[in-house]
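Just below is one structure, and these are the notes that go with it.
The values are calculated or read from the model by the stated rules, or taken from the named source; none is laboratory data. Computed from a predicted model, the values in this text were never measured in an experiment. All Cβ positions, even for glycine, are placed from backbone atoms using ideal geometry, and neighbour counts span all protein chains on display. These area figures cover heavy atoms from the full protein model, side chains too; ligands, DNA and RNA do not enter into them. Shrake-Rupley method; radii C 1.70, N 1.55, O 1.52, S 1.80 Å.
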Amino acid sequence: MRSDRPPFILTAGAIGGLLFLHLPILLIFLYAFTTEEKSYQFPPPGLTTEWFGVAWNRADIWPPLWLSVKVATIASCLALILGTLCAAAMARARFFGRDTISLLVILPIALPGIITGMSLRSAFAVADIPFSMWTIMLGHATFCIVIVYNNAVARFRRLGSSMLEASADLGANAFQTFRFVILPNLGTALLAGGMLAFALSFDEVIVTTFTAGTGNAAKTLPIWMLDELVRPRQRPVTNVVAIVVFMATFLPILAAYYLTSGAEETAGGGK
Amino acid sequence: MIPAVEFRSVSRHFGAVKAVDKVDLTIEEGSFFAMLGPSGSGKTTCLRLISGFESPTAGEIRIFGEASGAVPPNRRNVNTVFQDYALFPHMNVRDNVAYGLMVKGVGRSARHAKAEEMLALVHLDGFGERKPAQLSGGQRQRVALARALVNEPKVLLLDEPLGALDLKLREAMQDELKSLQQRLGITFVFVTHDQGEALSMADRVAVFADGRVAQVGTPAEIYEQPANRFVADFVGCSNVLPPDQTQRFGGPARWASLRPEAIRLDPGQGGTVRGRVTGLRYLGAATRVVLDCGGHELAAQIPAGAAVPAVGEEVGLGWQVQSLHLMEKE
């Protein structure tokens, strides 16, 4: 007879795996409250909340934060527009090379970030484009588009063509069909895709290092954190920032998950 | 009188595939017209040619005398009940029904009143607030019907609207569609692969085969005088007799059809044509008997109450010569 209870070793393995995945994150939170600022010492010699105040007053944190927010916002918006248009075309049209194009659209997310970064860097150099916030943003948009595309294309598929035909049949023009039928059905998929794209862009490091150039003006928040870890000075401040990054990426992903749950379709799709 | 819809040598080819090939059809105003055929016979493409979702590659379609060539679907005074209903899942039933009025710019209260009126017409009063997902298949079908009728189309197209319903519901909806059509006086064009449905509901039936119209006529004409063996076989489940068999049954050397219910079975030794019973199918009101008549398979139908021969039994066949219907062509 088969038992409903899994064997002990599987249960233990599953719990162990989950702990290994998530305990280190708790450590990051813990170190944000430590009184020891030179090194990460466990257990912390004491607990304090003073680092939140220190972080707030550190002038060098704010520019990278704003840069990251700007890059993530613009890259997501760009991805929303291009990804949706691309998904609409793919869902409706049947043409030679359609599958190839579909693969090419998804490729940036499968490609290692370091390849994307290198290729973009050399492309910017060839085209003589100076590194700026816009080059970072373009780099991020390459993989943000995929996220939006994947979400939108799944929803388009579910929408089917007969609903759009029904709308036209009842007298709606193309704009009315988009406004009253496509957009309401695509809404949550786009919102989810946009938030996931924002989260991905906000903590991106590899592509950013290749497309950001040098100097403080091109430093996003994750890059700033990386730099900060090398210098042992007010280390818990980095952890405070890490909590901010965690919130800025985790909350949108969580929201996206709830927006698309109940509808069986991809939300993340890789990366 | 100007016909509601007229096909003038209409073709719709997809590359080498002739989905619709040189079709001529006239659909009279106020009639209940069925397009009957197996899948892939071109009947649905014909419907989409009327609604404007397909354009003819040759020929012309006239709707109330006007050439419909360049008129897009949203500007045609025809509406469609889609096979999968295609209700808008994010709108409640009332907004679904009122959609056609909303996109025309009719005010909220006016269009809601009209929508409620339409819902009453299909016996869905009080369902306005519900979402399509909360309805049964039959109810969704009615919503699709109300939605298509709200614009008061001159022609209503129905693409296998009863296909997804169970038998009991389908029969109820058949009666309801028929009475609705008679009350409204709108031309209904109805696509189906179910011959019983076509014969019982339509005033006229066009039988499609391979992109062409095999026969157009009243249900009785189609059933009793099939033009060729395809129609005889598809519509009546008739026995199709090749010329040599027709001669055996006392007719000339022509293709002919003989309906199963026209054959009597005689358990005695008599009869010029004899057959061996190879199968029985109980249909409730009748029993269908499959016979092997010297290598040619025939079906006979005997009404309930009459004696049913056993499988393997030899029986004599009886028939009236006038029930042998000679066909124009093969």
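Quick one: 3J(HN,Hα) in Hz for segment A:54-69, Karplus 6.51/-1.76/1.60 with θ = phi - 60°, rounded, Gly and Pro as x.
Residue by residue, segment A:54-69 yields 4, 4, 4, 8, 6, 5, 7, 7, 5, x, x, 4, 5, 4, 4, 4 Hz.
Over what distance in Å are the Cα centres of segment B:86-111 and segment A:62-114 separated?
34 Å
Which whole-number percent of Cα pairs in segment B:171-284 have a distance greater than 23 Å?
45 percent
Please list, ordered by chain and number, the residues whose modelled amide H lies under 5 Å from the amide H of B:MET327; skip anything fewer than 5 residues away on the same chain.
Amide H neighbours of B:MET327: B:TRP255, B:ALA256, B:SER257.
Using a Förster distance of 51 Å, how high is the FRET efficiency between B:SER179 and A:LEU254, based on the Cβ-Cβ distance and rounded to 0.05?
It comes to 0.40.
Report the FRET efficiency, 1/(1 + (r/R0)^6), for B:GLU171 and B:ALA220, where r is their Cβ-Cβ distance and R0 is 25 Å, rounded to 0.05.
About 0.75, to the nearest 0.05.
I'd like the accessible area for B:HIS325, computed on protein heavy atoms only with a 1.4 Å probe and all protein chains in place. Round to 10 Å², please.
Surface open to solvent at B:HIS325 totals about 40 Å².
Amide H neighbours of B:VAL81 under 5 Å, at least 5 residues apart or on other chains, H built in the peptide plane: list them.
Distant-sequence amide H within range of B:VAL81: B:LEU157, B:LEU158, B:ASP159.
Kindly sort B:LEU25, B:LEU121 by accessible area of their heavy atoms, largest first, with the probe set to 1.4 Å. It would help to have the intermediate numbers written out before the result.
Numbers: B:LEU25 5, B:LEU121 40 Å².
From most accessible down to least: B:LEU121, B:LEU25.
Largest first, how would A:TRP66, B:TRP255, A:TRP51 line up by accessible area (1.4 Å probe)?
Of A:TRP66, B:TRP255, A:TRP51, the descending order of accessible area is A:TRP66, B:TRP255, A:TRP51.
Tell me, what is the 1.4 Å probe accessible area of B:ARG8, in Å² to the nearest 10?
In the full protein context, B:ARG8 sits at about 100 Å².
May I ask for the Rg/Rh ratio of the protein assembly as shown, computed from Cα atoms with Rh as the Kirkwood radius, given to two decimals?
My calculation puts Rg/Rh at 1.17.
Work out Dmax and Rg for segment A:58-260 from the C-alpha atoms and quote the Rg first, both in angstrom.
Final numbers for Rg and Dmax: 19.4, 68 Å.
Any idea which of B:GLN301, B:LEU156, B:ALA285 is furthest toward the positive side of the dipole for chain B, if Lys and Arg beta-carbons carry +1 and Asp and Glu beta-carbons -1?
Most positive-ward Cα: B:LEU156.
Using a 1.4 angstrom probe and counting only protein chains, how large is the accessible area of A:PHE156 in Å², to 10?
Accessible area, nearest 10 Å²: 20 Å².
So if R0 is 60 Å, what FRET efficiency would A:VAL230 and B:SER136 give, r being the distance between their Cβ atoms, rounded to the nearest 0.05?
E(calc), rounded to 0.05, equals 0.35.
Quick one: divide the alpha-carbon radius of gyration of segment A:1-52 by 2.2 N^0.38 Å and tell me what you get.
Working it through for segment A:1-52, the quotient is 1.81.
Ignoring everything except DSSP H segments at least 4 long, calculate the 222 nm mean residue ellipticity for the protein assembly as shown; use -39,500 (n - 2.57) per segment, divide by total residues, nearest 500.
It lands at -15000 deg cm²/dmol.
Would you work out the charge dipole size for chain B about its Cα centre, treating the Cβ of every Lys and Arg as +1 and the Cβ of every Asp and Glu as -1, and quote it to the nearest 20 debye?
In total the dipole reaches around 780 debye.
Give me a comma-separated list of calculated 3J(HN,Hα) values for segment A:155-161, in order, Karplus coefficients 6.51, -1.76, 1.60 applied at θ = phi - 60°, integers in Hz, x for any Gly or Pro.
Ordered by residue, 3J(HN,Hα) equals 6, 4, 4, 5, 5, x, 8 Hz.
Counting other Cβ atoms within 10 Å, keep those with at most 16, restrict to DSSP loop, and tell me which GluC sites (Glu not before Pro) in segment B:19-124 are left.
Here the sparse-neighbourhood loop sites are B:GLU28, B:GLU29.
Would you calculate the convex hull of the Cα atoms in segment B:1-44 and tell me its volume per residue in Å³?
It comes to 70 Å³ per residue, whole-number rounded.
Classify segment B:237-326 from the C-alpha gyration tensor, please: rounded if a/c falls under 1.5, else prolate or oblate depending on whether a/b exceeds b/c.
Judged from the Cα gyration tensor, segment B:237-326 comes out prolate (a/c at least 1.5, a/b above b/c).
Read phi for every residue in segment B:158-164 and hand back ³J(HN,Hα) as whole Hz from Karplus 6.51 cos²θ - 1.76 cosθ + 1.60, θ = phi - 60°, with x for Gly and Pro.
Those phi angles translate into 10, 9, 6, x, 9, x, 8 Hz.
So if I take the alpha carbon set of chain B, get Rg, then get Rh from the Kirkwood formula, what is the Rg over Rh ratio? Don't skip to the answer; put the middle values down first.
Values: Rg = 23.4 Å, Rh = 22.0 Å.
Over the Cα atoms of chain B, Rg/Rh equals 1.06.
Could you rank B:ARG276, B:ARG62, A:ARG94 by how accessible they are, 1.4 Å probe, largest area first?
Result, largest first: A:ARG94, B:ARG276, B:ARG62.
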